[in-house]
Amino acid sequence: MKASSSFLKKRTKKLLSPGYPFVGRSATARIKVFVLLFFCVAFPALAEPITPPEISPPDTWQPRQSGTLRLLNKLDSTTNTLTMHVGETRRVESLSITLKACDVRPPDLPQDATAQLTVVDSREGAPGFDGWMLANEPAAAMLEHPVYDIRLAGCA
């Protein structure tokens, strides 16, 4: 314990002594330290401020003119890929599908697409769908139909 306390006393005395950074150094080292300290203190205004990159808020969506949907018929395992314009209604077998909106995330955020769809089945008692679908989270809002699955592939 005695050895460590004497070390601390010597170290503290050295750190608190006037001219510490320059004691025991060569003239070149002293000049380098002086110039570095001078520029750090005298010219902070010359440094350009670092601005963070512009990013979009996480709830920003950009509208697109068309969307691509994938339709699966579970009975015969056939798939259809539909490319529709916003506002268009398409009839596929017994379904009437209307694409009301299609939006994507900005390029500086993780890629995703969302579409507002209305799906009506002409069969009596068949379930329909009216809401938003996400391309990366198809289970969040999906058509619960015994025959068809519809999934948003993307917007363009």
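The values are calculated or read from the model by the stated rules, or taken from the named source; none is laboratory data. Keep in mind that what you see is a predicted model, and the values were worked out from it rather than measured. All Cβ positions, even for glycine, are placed from backbone atoms using ideal geometry, and neighbour counts span all protein chains on display.
Annotations for the structure displayed:
- Restricting attention to segment 116-156, the residues that are among the hydroxyl-bearing types (Ser, Thr, Tyr) and over 14 Å from Glu93 (Cα atoms) add up to 1.
- Scanning segment 85-93 for residues that are surrounded by 16 or more Cβ atoms within 10 Å (Cβ to Cβ) and modelled with pLDDT of 95 or more turns up at least one hit.
- Restricting attention to segment 11-56 and to residues that are under 41 Å from the mean Cα position of the chain (by Cα) and of a type in the set (Gly, Ala, Ser), the residue that is modelled with the highest pLDDT turns out to be Ser56.
- Only listed residue being surrounded by 15 or more Cβ atoms within 10 Å (Cβ to Cβ) and either at pLDDT 95 or above or under 27 Å from the mean Cα position of the chain (by Cα) (or both), chosen from Asp103, Asp108, Asp59: Asp103
- Residues in segment 119-141 that are surrounded by fewer than 14 Cβ atoms within 10 Å (Cβ to Cβ) and among the acidic types (Asp, Glu) were compared, and the one that is nearest to Gly154 (Cα to Cα) is Glu137.
- In this structure, Leu152 qualifies as surrounded by 19 or more Cβ atoms within 10 Å (Cβ to Cβ), assigned to a strand (DSSP E or B) and not β-branched (Val, Ile, Thr).
- Failed item in (1) at pLDDT 95 or above; (2) closer than 17 Å to Leu71 by Cβ; (3) surrounded by fewer than 18 Cβ atoms within 10 Å (Cβ to Cβ), with Ile97 passing the rest: (3)
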